[in-house]
Amino acid sequence: MTLYEFLGTVEIGFIFGIVALGAFLSFRVLDFPDLTVEGSFPLGAAVAAVLIFNHDWNPWGATAAGALAGFLAGLVTALLNVRYNILHILAGILVSIALYSINLRIMGGPNKPLLGAQTVFTLAQTSGIPAYIIDPILLGCLIVLLTLALNLFLATGLGTSMRAAGANPMMAAANAIGVGRMKLLGIGLANALTAFAGALFAQLFGAADAYMGIGVVIIGLASVIVGMAILPARTIVQATIACVAGAMLYRFAVALALNADFLGLHASDVQVVTAVLVTLALISRSGGGIARLLTRKPAR
């Protein structure tokens with residue numbers, strides 16, 4: 001693996017570390033299997049790309065708008081579950097399917113190029129530091145800030161209520177915690193993180209695409225599983241750090257597998273590699289019991 005390949009893997013690992021934080025919030029904190037991310041990831045990319053390319057928005061403002069769009073998508077999924085009692089998995093599938101058409105409508109086609117447009121990365125490159133160095137630094141700073149912000153939020157009274165609603169909904173309701181409201185907020189925030197990552201991904205690679213969300217839910221889940229299978233996760237802080245580390249380990253495992261000539265793998269085999277990695281992590285961690293892994297909560 002060359003230096004450019006190494007730094008490129010670090011960049012993608014940081015972006016999917018943000019997705020992993022969203023997956024941690026929905027799968028582990030709220031115990032809500034959310035499939036909306038398959039649509040909210042390209043939604044964030046589509047909104048940011050159109051605002052930057054068509055409307056000359058500031059890249060940071062466009063990225064924030066993409067995150068807001070993701071929050072609204074998650075809000076719809078949670079509303080279908082809370083208000084209309086639609087199964088959480090089915091609600092996520094319904095919203096994700098709808099978002100595919102919405103993304104096409106937003107972009108006016110299957111993709112929206114950003115080549116030559118100003119992005120958060122081109123803004124950072126004005127410092128004179130080469131792009132292949134400054135881009136990972138920028139993404140590293142963002143993932144640190146987001147991880148810290150999530151940890152601080154989950155330590156507040158509101159965050160503690162959200163954790164209680166996910167750990168024991170009946171007990172939380174008995175203590176006057178609005179479980180439905182916690183789901184609305186939590187799933188919204190989880191999809192906001194995912195859409196934020198999608199907006200960054202589009203700006204990093206120069207285009208938003210309607211199909212870029214395929215497999216994102218598995219990547220997020222793989223990051224959570226791999227990280228917590230390797231690192232201790234007895235507290236919330238340890239768990240979030242493990243999720244980010246899991247995203248990095250996952251991306252490096254995929255990169256190494258695809259670069260291993262004796263395996264004969266190609267870039268199109270990335271989903272197979274992902275499935276194998278997740279399966280191995282589940283087997284090593286819980287003997288294949290995915291439900292037990294997903295429902296085990298950190299102590300604090």
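Remarks
- Verdict on ALA46 being out of contact with any Phe, Trp or Tyr (no Cβ under 9 Å at 6 or more places or on another chain), in contact (Cβ under 8 Å) with a residue 60 or more places away in the chain and part of a helix (DSSP H, G or I): yes
- The residues of region 147-165 that are among the polar types (S, T, N, Q) and touching a residue at least 60 places away in the same chain (Cβ under 8 Å), listed by number, are THR147, ASN151.
- Residue count for region 278-296, restricted to those that are modelled with pLDDT of 65 or more and of a type in the set (A, V, I, L, M, F, W, C): 5.
- Failed item in (1) small (Gly, Ala, Ser); (2) surrounded by fewer than 22 Cβ atoms within 10 Å (Cβ to Cβ); (3) not in a loop (DSSP other than H, G, I, E, B), with ALA117 passing the rest: (3)
- Evaluation of LEU152 against (1) modelled with pLDDT of 90 or more; (2) in contact with a Phe, Trp or Tyr (Cβ under 9 Å, 6 or more places away or on another chain) (one fails), failing number: (2)
- PRO136 being within 16 Å of the chain's Cα centre (by Cα) and either farther than 20 Å from ASN191 by Cα or assigned to a helix (DSSP H, G or I) (or both): no
- Qualifying residue in region 255-277 (condition: in contact with a Ser or Thr (Cβ under 7 Å, 6 or more places away or on another chain), under 18 Å from VAL10 (Cα atoms), at pLDDT 70 or above and surrounded by 13 or more Cβ atoms within 10 Å (Cβ to Cβ)): yes
The values are calculated or read from the model by the stated rules, or taken from the named source; none is laboratory data. Just so you know, these numbers come straight off a predicted model, no measurement behind them. Cβ sites come from the backbone with ideal geometry, for glycine too, and all protein chains shown count toward neighbours.
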